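Here the structure comes first, spelled out in structure tokens, and everything after it is commentary.
The values are calculated or read from the model by the stated rules, or taken from the named source; none is laboratory data. Bear in mind the structure is a predicted one, so any value in this text is a computation, not a measurement. Virtual Cβ from ideal backbone geometry, glycine too; neighbours counted across all protein chains shown.
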Amino acid sequence: MKNAELSRERLDEIVGRFSDCRVAVLGDFFLDKYLEVDRSLEEISLETALPAHQVVETRFCPGAAGSVTSNLSSLGPRELHAIGFCGDDGEGFDLRRGLSDLGCSTDHLQVVAHRMTPTYLKPRYSGDKTLNAEHSRYDTKNRQTTPVAIEDSIIDSLDALLTRVDALVVMDQVDEANCGVVTDRVREVIAERAEAHPEVLFWADSRRRIHDFRRVIVKPNQFEALQIDSPSPEDEVDLDELVETVGRIRDRNCAPVVVTRGPRGMVVSDPEWTLVPGVQIAGEIDPTGAGDSASAGVVLSLCAGAQLPEAAVIGNLIASITVQQIATTGVARPEELPGRLEIWHEQRKSSI
């Protein structure tokens, strides 16, 4: 199997074109809402005798499809557009404000009165920047089938934007089938539009249904590719078995496949099977959103003229930066990438 290569000059050339790229993100936009809890102020409820945790600060940022949008924004594209829906509620207001702060247009993010804004509520102890500070998470999701009228509007928005973007990123976050933005019908339309618009890069990521996409570049992780549910941290996938399985996905999908392998990097199918090593990081890491940051880097790099293995190297560089940002949606900026590329080259030399 071939190994990926990327020079400093080529990195500069690709990154220098990020500002020309126009990207739409279609999918499930969540709100990540953090509650900073001060343990020293904890009270006991007189009514229930249970602890009453005292929140001293709240903060929020776009999550799920909003996470890849945050990462795209930090890399400096020319245009960003959100396609999806949110509720007519406070969380929806915060989500739209957060996306606007990223320079992302919300003209195609519908506000729907009878749907909730999907929200990940994340209480954590204030003053503690480690993962040990996190409490149990509270999730708000829509668990009823997405109405046809919303599907119609999403498809209309897709068609309106395809003539003015270079890439469409599809983020299918909701586990419950047909309860989010990327329903079976929307997914079928995306496949049709990908065939009809070869000038647009189509990219898809899905928590549960990556095998159902057609004619678009798909990005499963190694366990999703092999349809392994709930892997343990020590689980590994044999590389030969992975390539054999991904080859079948490639044939069925009729489009390239990018497989993430955690700290070991990626494997890409086109133009030939290529191993793309990751950057090895010491110290505590937070892998939340690492795949989203990698997606942002690969998509913008492809839009900027990179070959898929080159784009995957850049995606790995970006992910190695974001995983070091604890308890937040990590992002990387273009000026940080040359230093990571130098580390990547040094690590490859030492492994020979």
>> I need a count of the residues in the range 285-314 that are of a type outside the set (Val, Ile, Thr) and either closer than 23 Å to residue 251 by Cα or out of contact with any helix residue (DSSP H, G or I) (no Cβ under 7 Å at 6 or more places or on another chain) (or both).
In response: 12
> Assuming residue 31 fulfils every condition listed in (1) under 24 Å from residue 307 (Cα atoms); (2) surrounded by 14 or more Cβ atoms within 10 Å (Cβ to Cβ) apart from one, which condition is it?
Replying inline: (1)
>> Looking at the range 142-156 only, could you name the residues that are closer than 29 Å to residue 258 by Cβ and either of a type in the set (Lys, Arg) or touching a Leu at 6+ places or on another chain (Cβ under 8 Å) (or both)?
In response: 154
> Do we find a residue being more than 20 Å from residue 13 (Cβ to Cβ), surrounded by 24 or more Cβ atoms within 10 Å (Cβ to Cβ) and out of contact with any strand residue (DSSP E or B) (no Cβ under 6 Å at 6 or more places or on another chain) anywhere in the range 328-340?
Replying inline: yes
> In the range 21-59, which residues are in contact with a Gly (Cβ under 7 Å, 6 or more places away or on another chain) and either more than 21 Å from residue 126 (Cα to Cα) or at pLDDT below 95 (or both)?
Replying inline: 26, 27, 28, 29, 30
> Can you name the number of the only condition in (1) under 20 Å from residue 318 (Cα atoms); (2) in contact (Cβ under 8 Å) with a residue 12 or more places away in the chain that residue 202 fails?
Replying inline: (1)
> Looking at (1) free of Cβ contacts under 8 Å to residues at least 60 places away in the same chain; (2) touching a Lys or Arg at 6+ places or on another chain (Cβ under 8 Å), which is the one condition that is false for residue 238?
Replying inline: (2)
> For residue 214, are the conditions met, namely being at negative phi and either among the hydroxyl-bearing types (Ser, Thr, Tyr) or assigned to a helix (DSSP H, G or I) (or both)?
Replying inline: no
>> Can you say whether residue 286 is over 17 Å from the mean Cα position of the chain (by Cα) and among the acidic types (Asp, Glu), as far as the supplied structure shows?
In response: no
>> Which condition from (1) in a helix (DSSP H, G or I); (2) in contact with a Gly (Cβ under 9 Å, 6 or more places away or on another chain); (3) farther than 25 Å from residue 27 by Cβ; (4) not β-branched (Val, Ile, Thr) is the one that residue 312 breaks?
In response: (3)
> Could you say whether any residue in the range 58-77 is in contact (Cβ under 8 Å) with a residue 12 or more places away in the chain, over 18 Å from the mean Cα position of the chain (by Cα) and part of a loop (DSSP other than H, G, I, E, B)?
Replying inline: no
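Table: residues versus (1) within 16 Å of residue 255 (Cβ to Cβ); (2) of a type in the set (Phe, Trp, Tyr); (3) at pLDDT 95 or above.
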| position | (1), (2), (3) |
| --- | --- |
| 181 | no, no, yes |
| 187 | yes, no, yes |
| 197 | yes, no, yes |
| 208 | no, no, no |
| 216 | yes, no, yes |
| 219 | yes, no, yes |
> Which ones in the range 253-302 are in a strand (DSSP E or B) and either of a type in the set (Phe, Trp, Tyr) or surrounded by fewer than 22 Cβ atoms within 10 Å (Cβ to Cβ) (or both)?
Replying inline: 274, 275
> Hey, does the range 45-61 have a residue that's touching a strand residue (DSSP E or B) at 6+ places or on another chain (Cβ under 9 Å) and closer than 30 Å to residue 183 by Cβ?
Replying inline: yes
> Taking the range 201-211 as the region of interest, how many residues are assigned to a loop (DSSP other than H, G, I, E, B) and crowded, with 22+ Cβ neighbours inside 10 Å?
Replying inline: 0
>> Anything in the range 233-252 that is under 16 Å from residue 274 (Cα atoms) and not in a helix (DSSP H, G or I)? List them, or say none.
In response: 238
> Among the residues of the range 96-145, how many are assigned to a loop (DSSP other than H, G, I, E, B) and small (Gly, Ala, Ser)?
Replying inline: 5
> Filter the range 105-129 for residues that are in contact (Cβ under 8 Å) with a residue 40 or more places away in the chain and over 30 Å from residue 53 (Cβ atoms); which is surrounded by the fewest Cβ atoms within 10 Å (Cβ to Cβ)?
Replying inline: 108
>> So, in the range 151-195, exactly how many residues are surrounded by fewer than 17 Cβ atoms within 10 Å (Cβ to Cβ), more than 23 Å from residue 305 (Cα to Cα) and basic (Lys, Arg)?
In response: 1
> Just checking, which of 91, 36 is outside any strand (DSSP E or B) and either of a type in the set (D, E, K, R) or crowded, with 21+ Cβ neighbours inside 10 Å (or both)?
Replying inline: 91
